[in-house]
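The values are calculated or read from the model by the stated rules, or taken from the named source; none is laboratory data. None of the values given here were measured: they were computed from a predicted structure. Virtual Cβ from ideal backbone geometry, glycine too; neighbours counted across all protein chains shown.
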Amino acid sequence: MVTVTAKRRNGKGEDELGFVRISIEGPDRYLRVGLKLSIAPLLKPSAELAATVTQISPDQIDFELLRSTSERSFREGDRVRVKYWEEAVYYFDSQILAVSGSADEQIAVSRPSEGISVQRRKAVRVRVPIPFSFTVISAAKAELVGETVPDCQTQNISLGGLKFETSLPLAVGDRLEIDLHLTPSQSVNAVGWVVRSEAIERDGNALYSVAMELLQLEAKDQNQFLLFLLNCFSDT
């Protein structure tokens, strides 16, 4: 893996902006019943679906998809990547053992036999208010699909995701299409999904604090986005 790193001298050492991916011991790290995560075919990683762990046994892990799809997403024998979040991003590759349920919403995968990979981030998030708009393209609450919010701002942002507040009651697993307005003449389009959503109150208004992971970013946009973040980082 290529790691992109920027260093800022601040008189007290150096800060780093970068991504580090390592392998750790303990294939069960942080896995637990009730954990919300994503599962995607290895051959089509952008087709991530949100799921909840329903059971963990010695040989397999059972999931329930958080929403049904119009077509069958997984079949027995498929290789998949399972990803979840704690203080870092954890993921492992596995194989589908069984698919069941009236809407194929019950998924069983083999437990990982090797260490789970970890994507750790060092000072990666930049606290800068970047204006953006988003449209809900998939949601637990069907009435939210198609809703567009034209005037959001990031609270912090990285190549992997962003945090913001909104009045829409978004839920974990909701998928959004966003347009980040980096400058008056530069914008980046991306698709991502909600990994955390907490109800909060701000100035007497009911809001939701949302963390979103970016799933799809074109190579050209990713390079442009990275340069923008590096510039923000060097200016802070």
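At least 1 residues that are at pLDDT 85 or above in each: list the strands (runs of 3 or more DSSP E) lying fully within segment 32-145 that qualify.
Numbers: elements: 36-41, 49-56, 60-65, 79-85, 89-100, 106-110, 117-122, 131-138.
Where strands (runs of 3 or more DSSP E) fall fully within segment 32-145 and carry at least 1 residues being at pLDDT 85 or above, they are 36-41, 49-56, 60-65, 79-85, 89-100, 106-110, 131-138.
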G204 passes all but one of the listed conditions (1) more than 17 Å from E48 (Cβ to Cβ); (2) in contact with a Leu (Cβ under 9 Å, 6 or more places away or on another chain); the exception is number (2)
